[in-house]
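A short worksheet on the structure shown next.
The values are calculated or read from the model by the stated rules, or taken from the named source; none is laboratory data. Please read all numbers here as calculations on a predicted model, not as lab measurements. Quick reminder, even Gly has a Cβ in these numbers, built from the backbone with ideal geometry, and neighbours come from all protein chains shown. The area values use the complete protein model at the heavy-atom level, side chains included, leaving out ligands, DNA and RNA. Shrake-Rupley method; radii C 1.70, N 1.55, O 1.52, S 1.80 Å.
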Amino acid sequence: LKMSWFWLYLPFHLLMATCLCHSTKAPTTSSQQSFKTDLFNFYHSLMLADGKETTIHLLKDIPKRYYFVLEEGRVLAPFSITVTPCDVPIEWSILVYKSPPAKATPGDHDTQEVSKSQKSSSMVSTIFNYKGNSVETYMGMSSHSALYLLEFLSTERDTHITVYLTTDTTSGHLYPELPTDPRIDVIGIGHTTVTLTWKHSPSVLQHRESIQYCLLVNEKHNYKSLCAAETAIRSSGMKLPPSLALSLSPYLLEPQQVMILSNSELSIINKVSSGEVRQVCMGTKNTYTVPNLSPSTQYYFDVFIVNLLTNASAAYTGTFARTLEEPEPKVTELKDGKVVHVVLDGKKQKFYSLQYQARHKKIHFTFQLCRGQIRVHIMRNGKTVASENLSGLRYFSLKGKLLDTYLVQLRSTEESNSSVKVQASPHFHKPLFPLLPDSLKIKSFSKLRTCRSVTIAWLGTQEESKYCVYRKRIEEDQIWRELQSADRCSGPESRHKSEKVLCKYFYDLNLQRAVTTETIKGLEAGTLYLFDVYLFGPSGIPVRYHSKVVKTRKKC
């Protein structure tokens with residue numbers, strides 16, 4: 001008999017019993033085939049480590065076998081095996097090979113051979129089999145020295161599993177312990193929040209420093225294990241940290257991940273094609289309110305109890321909940337010629353609605369973007385007539401019927417707050433804003449700069465209007481803030497009196513010559529200045545040109 005290295009691990013009398021089955025006299029055909037199969041199974045098996053979680057990769061339709069041997073000399077040998085599928089359902093079973101009796105009963109030689117063959121086949125038995133994707137644990141006890149063979153098979157696709165074998169059932173568990181009732185209770189549902197609670201794990205009470213709860217939120221389905229959740233997220237096209245416990249390290253984050261640390265809670269949001277997957281670790285708190293959810297959306301919630309020292313975890317029974325529908329937005333009435341100033345919260349990304357009932361066939365809508373970025377959507381009697389992103393000053397002239405109902409919806413397109421002024425009026429109504437030039441840019445002339453003065457120019461119109469120039473001294477680190485945070489709807493009333501340079505009236509019927517220049521004197525050398533020009537029309541409402549930053553010469 002040719003033996004491979006793994007036979008060295010077998011107890012001597014078990015090895016002898018196995019060899020005895022292959023006697024010098026040829027056994028029956030079925031017995032011989034059974035022996036060859038058993039020998040083949042052993043030969044292609046690996047030894048399973050005791051007391052250590054083993055990751056096993058399975059190829060589709062190719063079984064994989066591991067074995068372990070119980071110690072000799074023990075009256076009762078307890079053991080437990082925990083198998084965690086990390087993706088699709090798998091099939092797995094446990095076969096036991098027990099030692100035959102040490103001595104055969106004297107008698108006829110042929111009778112002995114038949115008896116040996118029968119005993120050989122009776123020594124092999126399947127004690128457990130399972131098919132599914134749940135975490136399953138088998139606990140056994142044996143009074144004989146025996147060899148156990150574990151067989152794993154995936155019939156759907158390539159996958160991986162984890163297997164934990166232990167023969168020491170008295171010194172604690174690798175996996176954190178679940179409570180007798182492992183369900184997650186939903187105790188509150190809002191438009192954008194869900195509040196959850198669950199019973200404490202006994203492991204938290206015993207090892208508070210090394211145990212924590214981690215919550216997984218997604219829009220697809222519940223997961224029966226932490227490795228199953230991680231596998232699903234990876235398969236969507238991104239890399240993930242090995243586990244939630246290890247996700248506490250910010251440098252493990254991928255570009256598609258966002259980390260939020262608030263009130264000692266770590267949240268990691270993964271942007272995947274099927275929606276967001278959020279991971280939140282909240283220490284040993286067993287109540288948590290999930291914020292920033294979308295209204296009228298079903299979410300699935302899974303809680304895992306994680307051992308930070310071993311990185312092992314156990315899963316509570318997942319639950320799901322649907323957030324409440326978003327209430328109908330409050331609608332503000334627009335009146336003829338009245339200006340409404342709307343401030344939008346960029347973080348909430350909600351629509352602000354304005355309604356206007358036409359008393360004339362031709363209607364003008366005027367929008368002046370004050371700050372940020374805003375998208376406007378205009379509907380007439382439920383049908384869209386205009387939709388675009390606002391930039392500066394924008395007019396919409398619409399023609400319909402008497403008593404048409406217009407609905408204007410505004411939404412910030414960035415996370416910071418945005419604001420806009422809105423006016424609706426009949427076509428013959430006095431215009432809210434002055435006639436505007438083709439460009440609201442201010443130009444400076446580098447060659448005309450001196451240590452004490454700067455020359456600027458801007459476009460005018462064919463309509464006589466009032467222009468006021470303001471200046472403000474700033475520092476290098478203030479440029480971005482001044483340009484980005486400027487309220488383009490605010491007028492000179494928000495400026496300090498000392499910043500005013502001059503006011504002048506100007507127009508030209510020939511637009512080619514409707515340009516004016518101004519030299520601002522009395523400046524300091526090598527200094528940055530912010531220049532603003534305000535245009536006033538008949539209504540008195542100003543339009544602010546784009547701010548211009550100019551630096552005087554340091555040496556002249």
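Structure data summary
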quantity	calculated
Residue in region 330-346 that is in contact with a helix residue (DSSP H, G or I) (Cβ under 8 Å, 6 or more places away or on another chain) and modelled with pLDDT under 90 present	no
Qualifying residue in region 375-393 (condition: part of a loop (DSSP other than H, G, I, E, B) and of a type in the set (Lys, Arg))	no
Where a residue in region 367-385 is under 20 Å from Ser485 (Cβ atoms) and open to solvent by less than 80 Å² (accessible area, probe 1.4 Å) and its partner, wherever it lies, is charged (D, E, K, R) and part of a loop (DSSP other than H, G, I, E, B), with Cβ under 7 Å and at least six apart	Leu369/Arg488; Cys370/Asp487; Cys370/Arg488; Gly372/Glu414
Scope region 291-331; condition polar (S, T, N, Q), surrounded by fewer than 19 Cβ atoms within 10 Å (Cβ to Cβ) and under 29 Å from Thr84 (Cβ atoms); matching residues	Gln298, Thr310, Asn311, Thr317, Thr319
Some residue of region 509-522 being farther than 17 Å from Ile442 by Cα and surrounded by 12 or more Cβ atoms within 10 Å (Cβ to Cβ)	no
Per-region count, region 360-375, residues aliphatic (A, V, I, L, M), closer than 13 Å to Gly392 by Cβ and touching a Phe, Trp or Tyr at 6+ places or on another chain (Cβ under 9 Å)	1
Residue selected from region 332-366 under the condition under 33 Å from the mean Cα position of the chain (by Cα) and crowded, with 20+ Cβ neighbours inside 10 Å, by the criterion farthest from Thr405 (Cα to Cα)	Leu344
Subset of region 502-522 (residues that are in contact with a Gly (Cβ under 8 Å, 6 or more places away or on another chain), assigned to a strand (DSSP E or B) and touching a residue at least 60 places away in the same chain (Cβ under 8 Å))	none
Pair list, Cβ under 6 Å, 6 or more apart: region 318-345 residue within 28 Å of Ser416 (Cβ to Cβ), other residue exposed (fewer than 12 other Cβ atoms within 10 Å of the Cβ)	Glu325/Ser296
Elements of type strands (runs of 3 or more DSSP E) contained in region 150-209, each with 2 or more residues being hydroxyl-bearing (Ser, Thr, Tyr) and surrounded by 12 or more Cβ atoms within 10 Å (Cβ to Cβ)	159-166, 194-198
Qualifying residues in region 53-83 (those that are modelled with pLDDT under 85 and touching a strand residue (DSSP E or B) at 6+ places or on another chain (Cβ under 8 Å)) - the one surrounded by the most Cβ atoms within 10 Å (Cβ to Cβ)	Leu70
Residue check, Glu464 acidic (Asp, Glu) and within 20 Å of Leu393 (Cα to Cα)	yes
